[in-house]
Amino acid sequence: MSTSILKPLALIATLLAATAAHAAAPMARFQAPGFYRTTLGDFEVTVLNDGTLDLPVEKLLKQPPAKTIAALDKSFQKSPLQTSVNGFLINTGTKLVLIDTGAASLFGPTLGQLVTNLKASGYKPEQVDEVYISHMHGDHVGGLASNEQRVFPNAVVRAGKLDADYYLNQTNLDKASGEAKDNFQGPMMSINPYVKAGKFQPIVANTELVPGIKSYFNGGHTPGHITYVVESKGQKLVLLGDLLHVQAVQFEDPGVGIQFDMDSKIAIAERKEAFAAAAKDGYLIGAPHLSFPALGHVRVSSKGGYVFVPVNYTQPR
């Protein structure tokens, strides 16, 4: 056989071998580090993902299950819904403030990535000056401590006094039965190391905590649930905490409650007020259970209700 024929055959064999090797590569099955960074006036905002939690939302939302399934289907989603758990790191230039800390190990192996993602984003836990908690459910406070040690050793932790009085109360723990004890044990394990170190400060009123970050009580979900308002150079971000859980349902119909709420009537009223204000004034919102990167705007829907418009991917400038 001539050399002129052998060369093309050798090339084809090489290409086939390369294709076969590529096809045989194992699936990687992991994402890039879960952080997203943007700016708000002079502030830097970094969203930190703690992972996702599968929720049977058709059983949790206070509406007929079929209605929830239909809403999820319209958004190309299904139940159990992979629900994001996020925290928000605000660098004001003088203070580094973390708002909510994820679940760490309290909710199973699909969560607990927040500190890893904080480090991947260029920060260290010891650099955090303050930690603000929206409310004392385990998926918001779990990242505060590990093996009874403070994960953020130099930080002051702040949360609503009403939540502290309820969730850190030994009598309430003693009265709880079965799995309900977890509602108290998780917050106690997470926050008590800061209490013992003199680094826990309950929030007793709506106030400016550091320049540019304010707290606003809006109970319903828990006794002392708080949203945090971040403002710089005329730009505003409102972090809604757990006023929202299922974006495919609760934007379109903010009147749908969820079983996690202590008082759904109050939570619904607060959610409606928050959505209306965000749609009217056009500022940015964020929430721990919005799909990562969990930032966007709200506009009024032509069919009533609201539409969530996620942020466009941008590079901080």
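What follows is calculated from the coordinates using simple rules that are stated; it is not laboratory data. Only a predicted model underlies this, so the values are computations on that prediction, with no experimental measurement involved. Note that we place each Cβ from the backbone using ideal geometry, even for glycine, and neighbour counts take in every protein chain shown.
Overview of values
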| quantity | calculated |
| --- | --- |
| Residue-by-residue Karplus 3J(HN,Hα) for the stretch 192-208, coefficients 6.51, -1.76, 1.60, Hz, glycine and proline x | 4, x, 6, 4, 5, 8, x, 10, 10, 10, x, 8, 10, 7, 5, 7, 7 |
| Quotient of Cα Rg and 2.2 N^0.38 Å for the stretch 226-291, N being how many residues it contains | 1.10 |
| Of the trypsin sites (Lys or Arg not before Pro) in the stretch 47-113, those whose Cβ has at most 12 other Cβ within 10 Å and which sit in DSSP loop | LYS78 |
| Amide H partners (placed H, <5 Å) of LEU81, local residues excluded | LEU55, VAL57 |
| Convex hull (Cα only) mean projected area of the stretch 152-309, reported in nm² to one decimal | 10.6 |
| Amide N proximity, the stretch 153-173 versus GLN185 label position 7 Å along Cα-to-Cβ, cut-off under 14 Å | 173 |
| Cα-centred dipole magnitude for the stretch 33-310, charges only on beta-carbon of K, R (+1) and D, E (-1), debye, nearest 20 | 320 |
| Segment ALA277-ASN172, length gained on full extension (0.36 nm per residue, minus Cα span) | 34.2 nm |
| Contour minus Cα-Cα distance for GLN63 and ARG317 (0.36 nm per residue) | 87.1 nm |
| Estimated distance in nm for a label pair at ALA205 and ASN147, the labels positioned 7 Å out from Cα along Cα-to-Cβ | 4.3 |
| Mean shadow area of the stretch 124-227 over all directions, Cα convex hull, nm² | 6.8 |
| On Cα atoms only, tilt of 264-281 relative to the major axis of the chain in degrees | 60 |
| Degrees separating the helix 3-23 axis from the principal Cα axis of the chain, which is the longest one | 20 |
| Cα-based convex hull, the stretch 22-80, per residue volume (Å³, whole number) | 197 |
| Dimensionless Rg ratio for the stretch 204-262, taking C-alpha atoms and the 2.2 N^0.38 Å reference | 1.28 |
| Vicinal HN-Hα couplings computed from phi for the stretch 178-187 (Karplus, 6.51 cos²θ - 1.76 cosθ + 1.60; Hz; Gly/Pro x) | x, 5, 4, 4, 4, 4, 9, 5, x, x |
| Fraction of the pair-distance distribution of the chain above 27 Å, Cα-Cα pairs, percent | 45 |
| Distribution of pairwise C-alpha distances over the stretch 14-154, 10 Å bins, in % | 11, 31, 26, 19, 10, 3, 0 |
